[in-house]
1. Answer yes if at least one residue in the range 59-80 is farther than 21 Å from ILE564 by Cβ, within 15 Å of the ligand (Cβ to nearest atom) and in contact with a Leu (Cβ under 9 Å, 6 or more places away or on another chain), and no otherwise.
2. Using the structure shown, decide if THR308 is assigned to a helix (DSSP H, G or I) and of a type outside the set (D, E, K, R).
3. Hey, does the range 563-573 have a residue that's part of a loop (DSSP other than H, G, I, E, B) and either in contact with a Cys (Cβ under 7 Å, 6 or more places away or on another chain) or not assigned by TED's automatic domain parsing to the domain that holds VAL61 (or both)?
4. Would you say ILE307 is within 16 Å of the ligand (Cβ to nearest atom) and crowded, with 18+ Cβ neighbours inside 10 Å?
5. Among the residues of the range 212-228, are any farther than 23 Å from CYS126 by Cα, touching a strand residue (DSSP E or B) at 6+ places or on another chain (Cβ under 9 Å) and either among the small types (Gly, Ala, Ser) or in the same structural domain as VAL482 (by TED's automatic domain parsing) (or both)?
6. When only residues in the range 47-58 that are near the ligand (Cβ under 8 Å from one of its atoms) and surrounded by fewer than 24 Cβ atoms within 10 Å (Cβ to Cβ) count, which is nearest to THR228 (Cα to Cα)?
7. Can you confirm whether the range 521-528 contains a residue that is within 13 Å of the ligand (Cβ to nearest atom) and small (Gly, Ala, Ser)?
8. Please note which helices (runs of 4 or more DSSP H) are completely contained in the range 206-277 and include at least 3 residues that are modelled with pLDDT under 95.
Amino acid sequence: MDGQEYFYHPLENIEDVDLFYDAVERNHLTKAISPERPYTYWTIELYDQQNGIRGGGGLGVLAADTRRVAEKMGVPFALITPFYPSETKQSLQDGEIIENHIPVDYKKFGYKFIDKVNIKCSGAICSLDVIEKRLGSTRIISVTEPNFGELYSGLSGSDHRLYQEVSLGFGGYAALKLLGLKPAIMQLNEVATFFAALARLDELTRNGMDFYEAVVYTRKHTLYTNHTLVQAAEAEFKYSQFEKFVFPNLKSPAVKKWLSDKFTDGSIKLSTVTIEIAELRSGVSKLHTRVANYRDIAGNKVKFKAITNGIDMDKWVFPEIMDEYKRIGVLDNLNLPSADFTEKLELLDSDTIRQLKLSGREVLNKTLKNRPDQNGQILSFRDSDFIVDFKRRFVDYKRPEMPFKDPVRLRNILESRNAHYIIAGRVHPGDHIMYNKLKSLLETCKHDDYLREHVHYIADYDENLAYGLSCGSNVSINVPVVGCEACGTSWMKDVANLNLLVSTHDGGVADGPMSAYFCVNGGNEDEELDMLYQQLEDAISTWDNDFDLEYMTRKQLTAFLPVISGTRMMNDYLQYLFPK
Ligand SMILES: *Cc1c(COP(=O)(O)O)cnc(C)c1O
């Protein structure tokens, strides 16, 4: 079998190229979307348990929300992502995190097998299943094979990661062709998806387009969405790895040459080539866009357009709260804040807020029914209980241990309101530093008779737990080191679900003013810590006063509902990518 011929499906006709030349002459590139020319969204991570794919964190949650919002808005949209045949579940046993690998079968999630596509790796042909699931105007297109492995298995920069990324890029691009789809735009959700744009560049060049024009064409139709702040932290691949996994999949000598020239000292960072192949570039919050420090190959600072992440409110907000937003005219039927939503928020009173949160508590209790805390205890909260939560991936910059730096002070604050403190967050497999932080945090609690009974760690943080906690708690803590969070979306779930937010001024939170929430800031770590306790105390006592509760809740929603709305985010993308 001639692999080269087998896995490439040429452009159906050369009319694309003619159209392109026409458009360039008139200085007007057409990028109209249609069902055959969908908005394509490429992501190595999707967090969509309902559709059988469990992600690692925010990047995947965003991808799932973006697709769901596109579906609601009727946007022709194709999300291309790997289907991982296995995933990890974490549990806590005798203070140790236990990891279980469980197989996942795509057939159980309503995917249809389409066909196989082949890519080349390590001198062999790798055959990938193309599967598809249609959801309204959108579809999830996946490539997979039994040994594909888990999300983020192996080190970044490893052969296996490159294999997964190449499979998504070349395999996914071939899958689109198989389905008769041409991308109106290719949105690359982070650089692991670079190879999709590379596959397109190669195809155009191979089909007779002049190389430089193919570069222009690909660039004009590719959006690189950056979620990372520091380019220096990015893993590199070696030339020898590209010889095994990438070059064999390229047919055009010009593209091979172009790519080879991008190596420095035998290594490459995918961001440098992604910047080259994508003329459109976006960051995920206003602050992130300002501080992201990326250089192109010439050493010039890269500019990103700010399109702050949003969430699919129908997925993350308790339905009774959504009904209330609509009843009082705060949100329209597409979940966009209405023109006069600020005035309409005056109709949200403290009785209603309390009532809605009590109903939300039932959701939390249900979620916790088969999820014991670190002591093996099944929690069930009463109406009179007060809940503070900290839920997010256990990574250093998010500082899960910060509130425990002064355990006595934390205890006093919580005890004053008889409050519980729930922690949820997975440690990345193999991250010993964070694993030890979690252990020592739980150890600290053991030595205090109040914290022992009132601080709960719930293992295996996932969508259900995120939702249950957003619905059921009263105060949420979000304290990333300022400048480290690209956007964050957990806090959006909390604000939309009427929790009071205690947060540092970072990521998407910094899209709003500091006065809009319980802001933790300070010139140094000690000041910040002091401020955290003060604000936590304030947020807790705000719940005891009807006027304060209404005032702060309205303030949070006034500042953040427009940010939170996933429809707003999709509108921003559509305006940026397909200007009228
Ligand atoms: C919302 C959500 C996230 C996103 O978290 P951030 O760190 O706030 O971006 C991660 N994991 C799960 C399970 C979520 O539901």
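1. So far as the range 59-80 goes, no, none of its residues is farther than 21 Å from ILE564 by Cβ, within 15 Å of the ligand (Cβ to nearest atom) and in contact with a Leu (Cβ under 9 Å, 6 or more places away or on another chain).
2. no
3. The answer is no, given that none of the residues of the range 563-573 is part of a loop (DSSP other than H, G, I, E, B) and either in contact with a Cys (Cβ under 7 Å, 6 or more places away or on another chain) or not assigned by TED's automatic domain parsing to the domain that holds VAL61 (or both).
4. Criteria met by ILE307.
5. The answer is no, given that none of the residues of the range 212-228 is farther than 23 Å from CYS126 by Cα, touching a strand residue (DSSP E or B) at 6+ places or on another chain (Cβ under 9 Å) and either among the small types (Gly, Ala, Ser) or in the same structural domain as VAL482 (by TED's automatic domain parsing) (or both).
6. Across the range 47-58, the extreme among qualifying residues is GLY58.
7. no
8. Details: elements: 211-220, 239-245, 253-260, 270-277.
Fully inside the range 206-277 and qualifying: 211-220.
The values are calculated or read from the model by the stated rules, or taken from the named source; none is laboratory data. These figures come from a predicted structure and were not determined experimentally. Note: ideal-geometry Cβ built from the backbone for every residue, glycine included; neighbour counts use all protein chains shown.
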